[in-house]
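For reference, the structure is listed below as structure tokens.
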Amino acid sequence: MTEVARTLVVRTRAELRSALADAPRPIGLVPTMGWLHDGHRALMQRARTENETTVVSIFVNPRQFTVADDYTRYPRNEARDLAIAGAEGVDIVWSPPVEEVYPPGFDTTVSVGALARPLEGAARPGHFDGVATVVAILFDLVGADRAYFGQKDAQQVMVIRQMARDLAIGTEVVACPTIREADGLALSSRNVHLSAEDREAATVLHRSLIAARDAHAAGERSGAVLRAAMHEVLATEPRAEVEYVSVADGRTLTELDEVDGPALASLAVRFGSTRLIDNEPLD
Ligand code: AMP
């Protein structure tokens, strides 16, 4: 155990348990994969406002990567992360090695059904099994009253809500707004891999979503027309390799012919080997 400012840094399950033994409730949890940025900071701030104890986990979860190379390449800088968590007044950081999360012999997968299949689930088979499995472990180990997630990963929040409800886990799942750069690019740990040209080109994701949002606000209800509006903006950026563009039901994530209720516009785009996602609710 180490202390950074007044933040307790723990690595094993046993250390986490003892750090939490007399922690005042409610406990708010912010699960992260590190390389913390202002999006993560906003989650920590919200957790601090609403809870007596704030716990941040930093764990690059191998089970949610579908390409081994992506796992190896994921940016890591624990010292910097601990300084940020300390500055945000986080009480406990759990930064475990892989075997503390998945002890030898670990052989269980939490698999969410229909919500986990389209979009990111289709593009990255097995991804949400890895997410649901690690989050179920985190919820249980921390005994969190609330857990904070970014709307940036909208499908992830929905999958985790479903998982918590189905498994009767008492942790309340709180979704927080996407934090963006001044030019609209959603903050992401993966942005660090973008070249200067790709970084500039990457604003096309948000511009494309805004096109859908504006068309929807102006009364457009055809899913095909809204998707076409997004494609049209993306096509102006030759560096962008579009993986998917979606206008889906906001509750089920099935693609819509007609938008007649809450919907979600979302997309995944590659710039070289860096894959970015973003979304915008259409309410
Ligand atoms: P990650 O470390 O990328 O796994 O993200 C940890 C949490 O931070 C997840 O709940 C993400 O949805 C959330 N998050 C990541 N980027 C942002 C952002 N730009 N705005 C708000 N939340 C974010």
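Taken over the stretch 102-136, the criterion of being in contact with a helix residue (DSSP H, G or I) (Cβ under 6 Å, 6 or more places away or on another chain) and of a type in the set (A, V, I, L, M) is satisfied by V110, V112, L115, A116, L119, V131, A132, V135.
Residue under question is A5, and the condition is that it be over 16 Å from V135 (Cβ atoms) and at pLDDT 95 or above; does it hold? No; evaluated as a whole, the condition is false for this residue.
Set side by side, the residues R239, R270 differ, and just one is surrounded by fewer than 19 Cβ atoms within 10 Å (Cβ to Cβ) and part of a loop (DSSP other than H, G, I, E, B), which is R239. So, G130, is that one without any contact (Cβ under 8 Å) to a residue 60 or more places away in the chain, surrounded by 13 or more Cβ atoms within 10 Å (Cβ to Cβ) and within 17 Å of the chain's Cα centre (by Cα) or not? Considered against the rule, which asks whether it is without any contact (Cβ under 8 Å) to a residue 60 or more places away in the chain, surrounded by 13 or more Cβ atoms within 10 Å (Cβ to Cβ) and within 17 Å of the chain's Cα centre (by Cα), G130 comes out as no. Among residues that are over 27 Å from F65 (Cβ atoms) and surrounded by 15 or more Cβ atoms within 10 Å (Cβ to Cβ), L282 is included.
V93 satisfies every condition listed in (1) within 11 Å of the ligand (Cβ to nearest atom); (2) in contact with a strand residue (DSSP E or B) (Cβ under 9 Å, 6 or more places away or on another chain); (3) not in a helix (DSSP H, G or I) except (1). A count restricted to the stretch 7-25 and to residues that are exposed (fewer than 15 other Cβ atoms within 10 Å of the Cβ) and either under 12 Å from T53 (Cα atoms) or hydroxyl-bearing (S, T, Y) (or both) stands at 6.
Can you work out which of the residues in the stretch 40-87 that are part of a loop (DSSP other than H, G, I, E, B) and aromatic (F, W, Y) is farthest from R275 (Cα to Cα)? The selected residue is F59.
Quick check, is E172 of a type in the set (D, E), surrounded by fewer than 19 Cβ atoms within 10 Å (Cβ to Cβ) and free of Cβ contacts under 8 Å to residues at least 12 places away in the same chain?
Against the criterion (of a type in the set (D, E), surrounded by fewer than 19 Cβ atoms within 10 Å (Cβ to Cβ) and free of Cβ contacts under 8 Å to residues at least 12 places away in the same chain), E172 does not qualify.
Looking at the structure I just gave you, is R165 within 30 Å of L185 (Cα to Cα), modelled with pLDDT of 95 or more and among the basic types (K, R)? Spelling it out, it is not the case that R165 is within 30 Å of L185 (Cα to Cα), modelled with pLDDT of 95 or more and among the basic types (K, R). Within the stretch 154-208, the residues that satisfy the criterion of being among the β-branched types (V, I, T) and closer than 24 Å to L226 by Cβ are V157, V159, T178, T203, V204.
The values are calculated or read from the model by the stated rules, or taken from the named source; none is laboratory data. This is a predicted model, so every value here is computed, not measured. With ideal geometry, Cβ positions are generated from the backbone for all residues, glycine too; neighbour counts draw on all protein chains shown.
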